[in-house]
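The values are calculated or read from the model by the stated rules, or taken from the named source; none is laboratory data. Only a predicted model underlies this, so the values are computations on that prediction, with no experimental measurement involved. So basically every Cβ, Gly included, is an ideal-geometry build from the backbone, and we count neighbours across all protein chains shown.
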């Protein structure tokens, strides 16, 4: 029986490497890596033994992790990597290959744009996954191939998995997310990629595919059998496919799963009808891309909605008592002191429960990177970056990196340190676990936001 290790490498920071996005955690959270979770579902078809080690969550040093991996002695290691931790990751992978005789298969944001280059130039990788929903990993392992290989996506508009993800393995590790209401939760993917084409995001470049609703319901029933009552739908835009979403939500209501959930969506795909279905099916929180308070910025980077759309959707969510999280981006090339000020003022008017403030990063494969290169804001070899803003990746046409950092700090203070907000947040806490997580996340957010 082949032994397969699912790996999130160690690191000097609280790195999040997940769904072709990598960054340093802004607070104290580290979510379940959906890449490894979905890959585990396809590995169900193989007669193999699976083990998960997460060096970040389990707080392993490189030395300790290497010893644990050598003790397990896997035939295959399927690992995450990321632009935020690339140099550290490469050094660790070299140590792995020097100490073990196994195949190393990698997945991560930095490998998407030119995976052939990394396969040719780095001897450490035996294969690279550019679509973690693809079943090509099954054939690769079963055939025991020795040639270097790209495990790519097919051209289908839908995807299914070979089995149910190994949620039980991921529950053994202390993953945590700021918007959960209980200690145990599971992550579920119903769509892959994103049909929207925001120019700063890599997701619009990935083939958009949907998963059959009946398979999702099967997975939710399995999660319930594990005595888990909370789910994180990690789709980039839950609700993008309206027909599928409505059917899924109605099925969730009819089957009386008793599961609460939260997830990402967009203000322009939500209306009162679908939000009522979401609420009835167990939705307690929606994470929405607000991005900017400047109509100019929203239009320039093809968000596809207006400030009026944002206010309308947030008002409905508030009426239905669905908590909302707004995500914002500062430092896009067209950002000015005036557009940033518009956003700072807009933040204060929004009935959000939480906010996440990020800085623009010119990710490989995005139009934003092409714009940044053409403007001379970055060099072609610039690949290590962090959207959480611990280090601002680039200046704008008018703002320096230092000015962008200060704007982000102002946003955190303007939103989170309002007396009315603090009182309201405390009144909405539902459990002791949620209270402790709020305190910890607030501490680390203010500490790392300096």
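A few notes on this one:
- Restricting 314, 399 to those that are outside any helix (DSSP H, G or I), assigned by TED's automatic domain parsing to the domain that holds residue 290 and over 29 Å from residue 108 (Cβ atoms) reduces the list to 399.
- Among the candidates 193, 163, 108, residue that is in contact with a helix residue (DSSP H, G or I) (Cβ under 9 Å, 6 or more places away or on another chain), in the same structural domain as residue 437 (by TED's automatic domain parsing) and under 29 Å from residue 218 (Cα atoms): 193
- Among the residues of the range 320-336, those identified as under 27 Å from residue 421 (Cα atoms) and assigned to a loop (DSSP other than H, G, I, E, B) are 321, 322, 331.
- Top-ranked residue of the range 17-35 - restricted to ones that are modelled with pLDDT of 95 or more and out of contact with any helix residue (DSSP H, G or I) (no Cβ under 8 Å at 6 or more places or on another chain), ranked as surrounded by the most Cβ atoms within 10 Å (Cβ to Cβ): 33
- Odd one out for residue 342 among (1) surrounded by 15 or more Cβ atoms within 10 Å (Cβ to Cβ); (2) modelled with pLDDT under 90; (3) part of a helix (DSSP H, G or I): (2)
- Odd one out for residue 379, checked against (1) at pLDDT below 95; (2) more than 23 Å from the chain's Cα centre (by Cα); (3) surrounded by 14 or more Cβ atoms within 10 Å (Cβ to Cβ); (4) part of a loop (DSSP other than H, G, I, E, B): (3)
- Single unsatisfied condition, residue 165 versus (1) in a loop (DSSP other than H, G, I, E, B); (2) modelled with pLDDT of 90 or more; (3) in contact with a strand residue (DSSP E or B) (Cβ under 6 Å, 6 or more places away or on another chain): (3)
- Residue within the range 280-288 that is farther than 22 Å from residue 430 by Cβ and in contact (Cβ under 8 Å) with a residue 24 or more places away in the chain present: no
- Condition met for residue 117 (over 24 Å from the mean Cα position of the chain (by Cα) and more than 28 Å from residue 1 (Cβ to Cβ)): yes
- Pick from the range 182-204, criterion at pLDDT 95 or above and assigned to a loop (DSSP other than H, G, I, E, B), ranking: surrounded by the most Cβ atoms within 10 Å (Cβ to Cβ): 185
- Put simply, of 322, 347, 290 the only residue that is buried (at least 23 other Cβ atoms within 10 Å of the Cβ), on the phi < 0 side of the Ramachandran plot and touching a strand residue (DSSP E or B) at 6+ places or on another chain (Cβ under 8 Å) is 290.
- If the condition is being surrounded by 17 or more Cβ atoms within 10 Å (Cβ to Cβ), within 22 Å of residue 176 (Cβ to Cβ) and either modelled with pLDDT under 95 or over 25 Å from the mean Cα position of the chain (by Cα) (or both), then the range 44-81 contributes no residue at all.
- Residues that are more than 16 Å from residue 36 (Cβ to Cβ) and within 17 Å of the chain's Cα centre (by Cα) were ranked within the range 86-113; the one that is surrounded by the most Cβ atoms within 10 Å (Cβ to Cβ) is 110.
- Checking 43, 36 one by one, the residue that is touching a strand residue (DSSP E or B) at 6+ places or on another chain (Cβ under 7 Å) and closer than 27 Å to residue 362 by Cβ is 36 and no other.
- Look at (1) more than 24 Å from the chain's Cα centre (by Cα); (2) surrounded by fewer than 18 Cβ atoms within 10 Å (Cβ to Cβ); (3) at pLDDT 95 or above and you find that residue 258 fails only one, number (3).
Each row is one residue, and each column tells you yes or no for (1) surrounded by fewer than 14 Cβ atoms within 10 Å (Cβ to Cβ); (2) touching a residue at least 60 places away in the same chain (Cβ under 8 Å).
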{"position": "132", "(1), (2)": "no, yes"}
{"position": "137", "(1), (2)": "no, yes"}
{"position": "147", "(1), (2)": "yes, no"}
{"position": "171", "(1), (2)": "no, no"}
{"position": "176", "(1), (2)": "no, yes"}
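- Boolean, residue 113 is out of contact with any strand residue (DSSP E or B) (no Cβ under 9 Å at 6 or more places or on another chain) and either at negative phi or in a helix (DSSP H, G or I) (or both): yes
- Here residue 191 meets each of (1) in contact (Cβ under 8 Å) with a residue 60 or more places away in the chain; (2) touching a strand residue (DSSP E or B) at 6+ places or on another chain (Cβ under 7 Å) with one exception, condition (1).
- Selection status of residue 286, at pLDDT 95 or above, under 19 Å from residue 271 (Cβ atoms) and outside any strand (DSSP E or B): no
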